[in-house]
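Before any comments, here is the structure.
The values are calculated or read from the model by the stated rules, or taken from the named source; none is laboratory data. This is a predicted model, so every value here is computed, not measured. Cβ: placed from backbone, ideal geometry, glycine included. Neighbour counts: every protein chain shown. The area values use the complete protein model at the heavy-atom level, side chains included, leaving out ligands, DNA and RNA. Shrake-Rupley method; radii C 1.70, N 1.55, O 1.52, S 1.80 Å.
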Amino acid sequence: SLSQFVRMDNASQMLQQIGKIKLVSEPNTIWNYSNHSMAAAGYAVAHTFVPEGTLDEAWQKAMQTVVFDPLGMTSSTYDIAKAETMEHAEPTAIDMLYQHFAAPMSVNANLSGYAPAGSLWTNAEDLGKWMVAEMTQQDPAHAERWKNNDGMLNNTGYGLGMHIEKVDGIVIRHHSGSVNGFQTKITFLPEQKLAIATMTNSGVAYLIKSDVIIITFLKSKI
């Protein structure tokens, strides 16, 4: 199976791939998004919070302790096996002939190593709790992630895990993400005290139909 080349079951597998990624520019010259970089940064922070155990365990424990429990997010997990036991929509993918089909949740089992970059299984109620916390957070340290650290180019920039954009004079902070068969877009308009989340069970992934996923082509055509 070719799946071994795209598997990212845990933090160790993800980190091993970082050394194989070529830089697109010299450090501190331009901004470019990287799932690997975001995930590595998340694991580093989690390790300082939970130095014992694996990085995967540290991340999950840190999120449970710092985010999920205080906000009452009882339906949120990074454990895909647990997510499968809960009520959930079937992921919808597109095959090589651009036909939609329902895929098993197992097609995402190989993305767990990306957890800090976005492998959370949640629902609208829990996501809403987090969005309210984001909008009302008063901690100065937390406010740093809402600041633009990239320099506004064509009215767009990037904070800490958040795109920052100015449209018709309105500041918008947003981020989107996808896994196989699912995608989410979160948008904050802080000055308007408005937050919007869209979650769909239709993704941008192109899958080869099989009982076992062979390989995934993200946002590309063959």
Over 23 Å between Cα atoms, which of Lys61/Lys185; Lys61/Lys129; Lys20/Lys82; Lys61/Lys82; Lys166/Lys193; Lys22/Lys61 qualify? Lys61/Lys185; Lys20/Lys82; Lys22/Lys61
Please give the FRET efficiency for Val66 paired with Ser25, using the beta carbon to beta carbon distance and R0 = 35 Å, rounded to the nearest 0.05. 0.60
Shape category assigned to segment 22-141 from the gyration tensor of Cα positions, a/c cut at 1.5: oblate
Once the mean of 1/r over all distinct C-alpha pairs in segment 62-123 is inverted, the Kirkwood radius in Å reads 13.1
Quote the accessible area belonging to Ile94 in square angstrom, nearest 10, computed with a 1.4 Å probe and with ligands, DNA and RNA left uncounted. 20
Met73 accessible area, assembled protein chains, probe 1.4 Å, Å²: 10
